[in-house]
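Undergrad: Just dropping this structure here.
The values are calculated or read from the model by the stated rules, or taken from the named source; none is laboratory data. This structure is a prediction, so every number in the text was calculated from the model and none was measured. Cβ atoms come from the backbone with ideal geometry, glycine included; neighbour counts cover every protein chain shown.
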Amino acid sequence: MYIAPLGRSIGLGNIGSHFELSPQARDEQHIARQLREGKISAELVTSLDRALDEYGSSVKQVVYWNFEMTYGYGRESVFSHPEEFVKTLKSIFGSGAALVEKRISSEIRSAQGLDGDNSESLVNLLRTARRANSRTDL
């Protein structure tokens with residue numbers, strides 16, 4: 001008996017027919033599909049990644065993993081489910097989530113050239129960025 005990387009047991013004779021992509025590879029494929037369909041822009045995802053990378057790639061992976069495991073959404077869904085994303089940040093960082101939110105807000109504002117109140121909540125900013133992205137894709 002072989003234990004697949006995702007914890008699923010499969011017979012050795014069935015390895016080829018039961019192959020699964022790693023969560024990261026599935027996420028990358030899903031993001032690529034979302035980008036092709038014009039639902040999100042590469043700049044939005046990149047700005048979010050860049051902000052979280054400042055805390056280390058492991059931290060970024062933990063945030064996305066928790067977001068997916070808790071709510072069932074990948075990182076491309078942050079902009080369509082901002083409340084859940086902020087809840088994920090708060091569950092991981094506690095009172096320190098406010099600093100992470102500010103860093104993400106700053107990066108998104110910079111990347112998207114958005115003006116406005118710097119005290120705007122991350123939830124509202126993510127919605128604004130998504131709306132701005134939707135208008136530019138039309």
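Undergrad: Every residue in the range 54-71 that is modelled with pLDDT of 95 or more, over 18 Å from residue 99 (Cβ atoms) and more than 8 Å from the chain's Cα centre (by Cα), please.
TA: 61, 65, 68, 69, 70, 71
Undergrad: Name every residue in the range 44-59 that is outside any helix (DSSP H, G or I) and either crowded, with 17+ Cβ neighbours inside 10 Å or touching a residue at least 40 places away in the same chain (Cβ under 8 Å) (or both), in order of residue number.
TA: Matches in the range 44-59: 54, 55.
Undergrad: For residue 62, are the conditions met, namely being free of Cβ contacts under 8 Å to residues at least 60 places away in the same chain, of a type in the set (Val, Ile, Thr) and surrounded by fewer than 16 Cβ atoms within 10 Å (Cβ to Cβ)?
TA: Here the answer is yes, as residue 62 does meet what is asked.
Undergrad: Can you tell me which residues in the range 104-126 are part of a helix (DSSP H, G or I) and either at pLDDT below 80 or buried (at least 16 other Cβ atoms within 10 Å of the Cβ) (or both)?
TA: 104, 105, 107, 108, 109, 111, 112, 122, 123, 125, 126
Undergrad: If you don't mind, another one. Starting from the range 76-103, keep only residues that are in contact (Cβ under 8 Å) with a residue 24 or more places away in the chain and over 19 Å from residue 47 (Cβ atoms), then list their pairs with residues that are polar (S, T, N, Q) and assigned to a helix (DSSP H, G or I) whose Cβ atoms are within a distance under 7 Å, requiring at least 6 positions of separation or different chains.
TA: From residues that are in contact (Cβ under 8 Å) with a residue 24 or more places away in the chain and over 19 Å from residue 47 (Cβ atoms), the pairs are 91/66; 92/66.
Undergrad: Follow-up. In this structure, is residue 98 at pLDDT below 90, assigned to a helix (DSSP H, G or I) and small (Gly, Ala, Ser)? Walk me through how you get there before you give the answer.
TA: Numbers: at pLDDT below 90: no; assigned to a helix (DSSP H, G or I): yes; small (Gly, Ala, Ser): yes.
Criteria not met by residue 98.
Undergrad: Still on this model: If a residue has to be aromatic (Phe, Trp, Tyr) and assigned to a helix (DSSP H, G or I) to count, how many in the range 67-91 make the cut?
TA: Adding up the residues that qualify gives 3.
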